[in-house]
Amino acid sequence: MIVRELGAERTLVMGIVNVTPDSFSDGGRFFDVDAATRRGLRIASQGADWIDVGGESTRPGASRVSGETERARVVPVIERLAAEGLRVSVDTMRAETAKAAVAAGAQLVNDVSGGLADPAMLDTVAELGVPIVLMHWRAHSDRMDSLAQYGDVVGEVCRELQVRIDAAVEREIDPGRIVIDPGLGFAKRAEHNWALLGALDRLVGLGFPVLVGASRKRFLTEMTERVDEATASLTALASAAGVWAVRVHEPAGNAVAVQIGSAWRQANGSPELDRIALTGIECIGHHGVLPAEREAGQRFVVDVALRTDTGPAAVADDLDLTIDYSRVALMVTDRVSGQPFQLVEALAEAIAGDLLTLPGVRLVDVVVHKPEAPMPVMFSDVSVAIRRSR
Ligand code: PMM
């Protein structure tokens, strides 16, 4: 569902247009509307699938600009880029700016505060009906560095992101329109960024598309002067880990890196996730081709296995972070005892489709047994086994 909505056969490249006079990475060269528009068009021609337009710097220590200033910077640029048929996102923490940007043609809201900075953001995005990036964030840039304190950075970021996801869903944002982002550099020191990059499969395992913004960040510039090459190397690794998109300043090298990462991922197969299995779920269903089966019903037995990342739940010892298996059992029995299908194949497909809607589930195996199927000979069981993934 998520993949369809946001279109991600391979990792996407989101090119950055910062319309700010003080952006640490472009020195304010794109402050001018014409120049910003030209840059947007150029990075699109270099392989950016999305153009992310922001009007407020979030570099460490930066102070905020007014909403009016922010809108005056981004809206005309978004209008022009959207008019050129480009997919544009708006990088903003303000609901009013999100609204104006979507009216100008933006198709995604990238909120680095994950809906925390502006209490109206989640309701506004729900109303606008566009996808939202919920980034992990603890405070505005002027004081975020002091909040870079973690015991277990991966577990804490996963849990804090889950809280933002729950808040978004509670405000009626469609879960299929949620993207998550670990927020590299935001209340994080280099070692925190690396720990999160090393655990991208766990973030991906939360079941939402993941956006990663490493481009030209301090933890890379501290390491090398060749920061665009460093960014592209990380892009290849992130793409191999299955992230939805990378947010970058120079799309050309990153578009190549995505090709490499995707080819790597395909060659190696997606990494095995943990497995939660339930076997022998029994109930009466009325599925079958024969009228007698439809009428009388018979016993069906179902085995299911769900692939997900159980790590965050294990660390927190928290049921909310994993798949509740009694819920799985009820989903299966609801489907078996519900609307009859002619074929066991169709029943198995429906069960798999139901289970794949559970957050964090990447792949399911479903086996439907029909041990009392009418047969002209003695037999002990007949079953259909399928595997489906998101
Ligand atoms: N980083 C910056 C700005 N916006 N948005 C998302 N979703 N993720 C990020 O990591 C992110 C962001 C800061 O970088 P910049 O000033 O170079 O754009």
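The values are calculated or read from the model by the stated rules, or taken from the named source; none is laboratory data. As the structure is a computational prediction, the values presented were derived from the model and not from experiment. Glycine also receives a Cβ, built like all others from the backbone with ideal geometry; neighbour counts cover every protein chain displayed. All accessible areas refer to the heavy atoms of the entire protein, side chains included, with ligands and DNA or RNA removed. Shrake-Rupley method; radii C 1.70, N 1.55, O 1.52, S 1.80 Å.
Let me confirm something: among Leu108, Leu116, which residue is under 25 Å from Gly40 (Cβ atoms) and within 16 Å of the ligand (Cβ to nearest atom)? Step through it out loud before you land on a result.
Working: Leu116 fails: under 25 Å from Gly40 (Cβ atoms).
Going through Leu108, Leu116 in turn, the sole match is Leu108.
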* Of Ser146, Ser141, which residue is without any contact (Cβ under 8 Å) to a residue 12 or more places away in the chain and either in a strand (DSSP E or B) or not assigned by TED's automatic domain parsing to the domain that holds Asp320 (or both)? -> Ser146
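Just give me the residues in region 116-162 being within 18 Å of Ser63 (Cβ to Cβ) and open to solvent by 40 Å² or more (accessible area, probe 1.4 Å), in sequence order.
Just the residues of region 116-162 that are within 18 Å of Ser63 (Cβ to Cβ), to begin with: 116-118, 137-147.
Across region 116-162, the qualifying residues are Leu116, Arg138, His140, Asp142, Arg143, Asp145, Ser146, Leu147.
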* To do: Take region 295-324 and flag every residue that is surrounded by 14 or more Cβ atoms within 10 Å (Cβ to Cβ) and in a helix (DSSP H, G or I).
  => Gly311, Pro312, Ala313, Val315, Ala316, Leu321
* If Met93 passes every condition in (1) open to solvent by 30 Å² or more (accessible area, probe 1.4 Å); (2) at pLDDT 95 or above; (3) under 23 Å from Val246 (Cβ atoms) but one, which one does it miss? -> (1)
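Conditions tested, residue by residue: (1) within 11 Å of the ligand (Cβ to nearest atom); (2) hydrophobic (A, V, I, L, M, F, W, C); (3) modelled with pLDDT under 95.
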{"site": "Arg4", "(1), (2), (3)": "no, no, yes"}
{"site": "Ala8", "(1), (2), (3)": "no, yes, yes"}
{"site": "Val13", "(1), (2), (3)": "no, yes, no"}
{"site": "Pro21", "(1), (2), (3)": "no, no, yes"}
{"site": "Ser25", "(1), (2), (3)": "yes, no, yes"}
{"site": "Gly54", "(1), (2), (3)": "yes, no, no"}
* Check whether at least one residue in region 208-218 is more than 12 Å from the ligand (Cβ to nearest atom), surrounded by 18 or more Cβ atoms within 10 Å (Cβ to Cβ) and within 15 Å of the chain's Cα centre (by Cα), and report yes or no. => yes
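Only one of Val154, Val125, Val90 is assigned to a strand (DSSP E or B), out of contact with any Cys (no Cβ under 8 Å at 6 or more places or on another chain) and either without any contact (Cβ under 8 Å) to a residue 60 or more places away in the chain or more than 16 Å from the ligand (Cβ to nearest atom) (or both); which?
Just a single option satisfies the conditions, and that option is Val90.
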* Structure fact -> Per the filter on region 163-199, residues open to solvent by less than 10 Å² (accessible area, probe 1.4 Å), part of a helix (DSSP H, G or I) and within 15 Å of the ligand (Cβ to nearest atom) are Ile165, Ala168, Asn193, Leu196
* To do: Please state which of the following conditions Gly360 fails to meet, knowing it meets all the rest: (1) part of a loop (DSSP other than H, G, I, E, B); (2) at pLDDT 90 or above; (3) crowded, with 16+ Cβ neighbours inside 10 Å; (4) under 19 Å from the mean Cα position of the chain (by Cα).
  => (2)
